[in-house]
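Q: The structure is given below, and queries will be raised subsequently.
Only the coordinates and a few stated rules stand behind these numbers; no lab work does. It should be emphasised that the depicted structure is a prediction, and the values quoted were computed from it without experimental measurement. So basically every Cβ, Gly included, is an ideal-geometry build from the backbone, and we count neighbours across all protein chains shown.
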Amino acid sequence: MRNSNQTHTGIPNGSQTTSSNTIPTAIEAVEERRALLTSLTKLNRGVFLGAESIDDSNSFVGNIENYVGMTMVPTGVMGPIVVHGTKANGEYYVPLATSEGALVASYHRGAKACSVSGGVTSMCVKEGVQRSPTFAFSNLEEAGVFIAWTTTQKEAFKAEASKMSRFGEMQDMKVHLESSQVTLIFEYTTGDASGQNMVTICTDAVCRYILENTPVQPRKWYIEGNFSGDKKATASALNHVRGKKVIAEVELKPEVVASVLKSNPENIVEYWKNSTLNIIQSGALGAQGHYANGLTALFMATGQDVACIAEAGMGVTRMEIRPSGNLYVSVTLPNLIVGTVGGGTSLPTQAECLKMMDCYGAGNAVKFAEICAATVLAGEISIAAAIAEGHFTSAHKNLGRK
C-alpha cells in the first residue's frame, strides 16, 4: 500500500506486450512484478514464493484436520487501485488467487480506469453478523409466553454474550414466529474477525442462559435454525447486512472510458440496462455482473472463508451517465463477511497477501472491506465494457486458453 499522493506505479502486465501465442507471465515480467511489490509493499518474498518452508502442521491447528499437504493456487496482482474510504486511503496492490485466465487482467484494467480518474470512494456503512437459534414448543401459547419473556431479557442476553468474547458485542435481537417455532435472530459486531465462530460461541452462552431461566421449556432447540443466511444468498441479507455493508463508487470521464476500456459511456450504460432487466427476469437476488469472480480470488488469497461467497457475491451495480457526460458506476455489497484476524488470515501466504495491502491484524477489517468493494467495482466496469464492445470472447480466447 502506498500514499495516494505518490505517482501511480502500475504492475507490469505481460498480457499487454505479448501475443496470444506466448505465455503472458514471462520470467522477466514475473520478476519485475515481484521486485516492484517487494519495494512498494510489506510482501515477504521468501514466504510468498515458497522459498521458505511452510509445511509446519502445528501452524495449521484450527484450520485443517487430517492434514496431508498444500493446494497451491496461482496468485496475480491487480493495481494499484486508488481508494478513498473511511479507513482505506491510498494506492493498493490487490492479490487475486485464481486459475481462471483473463480474470486478473480484467480487474487490473478496471483498476487502472478507476485510478486515473481520481480513485474509488469506498465506504463501510453498516456492520452486523447474525446467529439464529430456533426453539420448538408444543403449541402457540407456549411460544407466546416464551416470546414475551425474551423481550424483557435483552440486556441479560447481551451480558451473557459479552462473557464469551472481548470483541463480539450483541447489538440487536429480532423474533421470528412460525407455527409454534420461535427463532431468535441475534446480531453482533465482531471487531476485526469475520465472526462466524465468535457469534456461535456467544449465542450458545445466551441459549444456555435461556434454558436455565425461561418460564417455559422448549421441546427442542438448535443453535442455528437456518434463518441467519450463513453461507446462503437470502433476500433478508440483501436488504439488510451480513458482515459489512460497503458501497463503492467512481466517476469516469469519456476519454478514460475510450482509452482504457475501449468503449464509451453510452454503450456501457445501454448494456447495463439490458443486463439488469434480464437478471431481474432470471429471479436472481441482486443485480450485478460477476462479484463472485473477484471476491473469490481475493478471499482465496487472504485466508477468508471462501464459502461465504454465497452471500458476499450478492449486491447491486448501478451505472449512469451524469450531466457532465461522465460514466458513474457504483456497487453496493451488503454481505461482506471478511476479517483480518482469526480463521485463515494467519496462514503464511495469506498473511503476506494481507500485508501487501497493509491489512494484516487488528484494526484493519473495515479497511480491507473497503478495498474488497473497490476491487469488485473495478471488475464490474471492465466486464461491462468488454461485453458492450464485443471484446469478452476474444479476451478469453487470448488469455483463458492453454
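Q: Given springs between every Cα pair under 10 Å in a Gaussian network model of the chain, which of N326, N274, N364 has the largest fluctuation?
A: N274
Q: Using only the Cα atoms, what convex hull volume per residue in Å³ does the chain have? All intermediate terms of the calculation are to be shown ahead of the outcome.
A: Numbers: hull volume 64.7 nm³, N = 402.
Taking the convex hull of the Cα positions in the chain, it is 161 Å³ per residue.
Q: Another one. Please identify the DSSP H helices in the chain that span no less than 18 Å along the helix axis (Cα) and have a mean Kyte-Doolittle hydropathy of -0.5 or more. Intermediate values should be presented prior to the final figure.
A: On the way: long enough: 27-40 (20 Å, 0.19); 103-116 (20 Å, 0.37); 196-213 (26 Å, 0.29); 265-282 (25 Å, -0.53); 365-388 (34 Å, 1.62).
Sorted by number, the helices that extend far enough and score high enough are 27-40, 103-116, 196-213, 365-388.
Q: Remind me, relative contact order of the range 133-227 in percent, using alpha carbon pairs under 8 angstrom and six or more residues apart?
A: Working: 145 pairs, mean separation 40.1, N = 95.
Reported relative contact order: 42 percent.
Q: If amide H atoms are built 1.01 Å from N in the plane of the peptide, which residues on other chains or at least 5 residues away come under 5 Å of the amide H of K232?
A: E311
Q: Can you sort F227, F60 so the residue with the fewest Cβ neighbours within 10 Å comes first? Please report the intermediate quantities before stating the final value.
A: Working: F227 20, F60 17.
Ascending number of Cβ neighbours within 10 Å: F60, F227.
Q: I want to verify a result. In a Gaussian network model of the chain, Cα cutoff 10 Å, which of these has the top mean-square fluctuation: V182, V216, V94?
A: With Cα springs under 10 Å in the chain, the top fluctuation among V182, V216, V94 is at V216.
Q: On the first, second and third principal axes, largest extent first, how far apart are the outermost C-alpha atoms of the range 133-227 in Å?
A: Ordered largest first, the range 133-227 gives principal extents of 41, 24, 18 Å.
Q: To the nearest 20 debye, what is the magnitude of the charge dipole of the range 239-321 about its Cα centre, counting +1 on the Cβ of each Lys and Arg and -1 on the Cβ of each Asp and Glu? Before the final figure, lay out the partial values.
A: Numbers: 7 positive and 8 negative charges, 36 e Å.
Roughly 180 debye for the range 239-321.
Q: Report the residue, chosen from V257, V104, V61, that carries the largest GNM mean-square fluctuation when the chain is represented by alpha-carbon nodes joined by springs under 10 Å.
A: Largest GNM mean-square fluctuation: V61.
Q: Remind me, what semi-axes does the range 179-247 give for its equivalent ellipsoid, largest first in whole Å, using sqrt of 5 times each Cα gyration tensor eigenvalue?
A: Working: eigenvalues 127, 49, 16 Å².
Three semi-axes, in Å: 25, 16, 9.
Q: Also: Order these peptides, 124-134, 313-323, 154-164, by their mean beta-carbon neighbour count within 10 angstrom, highest first. Kindly include the intermediate steps, with their values, before the conclusion.
A: Numbers: 124-134: 21.5, 313-323: 17.8, 154-164: 15.7.
Ranked from most to least packed, the peptides come out as 124-134, 313-323, 154-164.
Q: Could I get the Rg over Rh figure for the range 81-210? Both from C-alpha atoms, Rh via Kirkwood, rounded to two places. Don't jump to the answer; show the numbers that get you there.
A: Details: Rg = 21.5 Å, Rh = 18.0 Å.
Expressed as Rg/Rh, it is 1.20.
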